[in-house]
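Scroll down for the structure; my scribbles are underneath it.
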Amino acid sequence: GAVVSQHPSWVICKSGTSVKIECRSLDFQATTMFWYRQFPKQSLMLMATSNEGSKATYEQGVEKDKFLINHASLTLSTLTVTSAHPEDSSFYICSARTLGLGAYEQYFGPGTRLTVT
Amino acid sequence: QKEVEQNSGPLSVPEGAIASLNCTYSDRGSQSFFWYRQYSGKSPELIMFIYSNGDKEDGRFTAQLNKASQYVSLLIRDSQPSDSATYLCAVTNTNAGKSTFGDGTTLTVKP
């Protein structure tokens, strides 16, 4: 149990275009979802936290107008990278958490590798 | 000072040895502690969690927690080359609803 999927697993886009990444909890209801970014050989960087039905809370330094997060249901959150540029190329990972599992553990999706050309 | 501190490594151990990974945290209100494993190019996967002081064993893995010392560790017995990965410590203050990850320790198990 506790499976999180992400789609797409990789995407290549041209500079200036927008890219949407989906994160789904497949067998549990995710009260909270998290979006991380990770550059090669660097640690996870939390971008934002979203609770179902609420606006996302962004970490300091993350542009909310550039990284649009929607958590419309208990099983789906989306991250849209708007007007992507090469410096946005990174590994984007979502994770989901539910109080029902009792311990605040987070389950990670497989990640989406974004390359902006 | 970071909220969750881990030695970045790399930690290198020979195959069959015990690998010891350490983590300290600053928030005394933390109640739940997690270890994740991340292979290169992959996302993290949960391998252990512990809530109470003492040891918790799961196969070759043992998590140890000492809340008074604000210290949590992961021991990997009979280390295998397939254990080579980055291990992330995560600490959660459930009252605050906040989870904080360390930067990870890279482990290399040499055949």
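Of note:
- Looking only at segment A:1-11, and only at residues there that are surrounded by 16 or more Cβ atoms within 10 Å (Cβ to Cβ) and more than 12 Å from the chain's Cα centre (by Cα), the one that is farthest from B:Thr100 (Cα to Cα): A:Val11
- Within segment B:31-49, the set of residues being closer than 20 Å to A:Gln42 by Cα, within 7 Å of another protein chain (Cβ to nearest Cβ) and touching a residue at least 40 places away in the same chain (Cβ under 8 Å) comprises B:Phe34, B:Pro44.
- Residue check: A:His71 meets all listed conditions (1) within 14 Å of chain B (Cβ to nearest Cβ); (2) free of Cβ contacts under 8 Å to residues at least 40 places away in the same chain but one, namely (1).
- Breaking point among (1) within 25 Å of A:Ser9 (Cα to Cα); (2) at pLDDT 95 or above, for B:Asp103: (2)
- Those residues of segment A:12-45 which are among the aliphatic types (A, V, I, L, M), assigned to a strand (DSSP E or B) and buried (at least 18 other Cβ atoms within 10 Å of the Cβ), in sequence order: A:Val19, A:Ile21, A:Met33
- Single condition A:Glu63 does not satisfy, out of (1) in contact (Cβ under 8 Å) with a residue 12 or more places away in the chain; (2) surrounded by fewer than 13 Cβ atoms within 10 Å (Cβ to Cβ): (1)
- Lone unmet requirement of (1) within 14 Å of chain A (Cβ to nearest Cβ); (2) among the small types (Gly, Ala, Ser); (3) farther than 13 Å from B:Cys23 by Cα for B:Gly54: (1)
- From the options B:Ser40, B:Ser26, B:Ser69, residue that is surrounded by fewer than 17 Cβ atoms within 10 Å (Cβ to Cβ) and within 19 Å of A:Ser95 (Cβ to Cβ): B:Ser40
- When restricted to residues that are assigned to a loop (DSSP other than H, G, I, E, B), closer than 15 Å to A:Leu26 by Cβ and at pLDDT below 95, segment A:76-117 contains 1.
- Selection within segment B:2-32 - over 14 Å from the mean Cα position of the chain (by Cα), in a strand (DSSP E or B) and of a type in the set (Ser, Thr, Tyr): B:Ser12
- Within segment B:62-111, considering residues that are within 14 Å of another protein chain (Cβ to nearest Cβ) and not in a strand (DSSP E or B), the one farthest from A:Gln42 (Cα to Cα): B:Asn95
- For segment A:74-108, a residue qualifies if it is over 15 Å from the mean Cα position of the chain (by Cα) and within 14 Å of chain B (Cβ to nearest Cβ), and the qualifying residues are A:Thr98, A:Leu99, A:Gly100, A:Leu101, A:Gly102, A:Ala103, A:Tyr104, A:Glu105.
- Filter result for A:Pro86 (out of contact with any Asp or Glu (no Cβ under 9 Å at 6 or more places or on another chain) and in contact (Cβ under 8 Å) with a residue 12 or more places away in the chain): yes
The values are calculated or read from the model by the stated rules, or taken from the named source; none is laboratory data. These numbers were taken from a predicted model, which means no experiment stands behind them. Cβ sites come from the backbone with ideal geometry, for glycine too, and all protein chains shown count toward neighbours.
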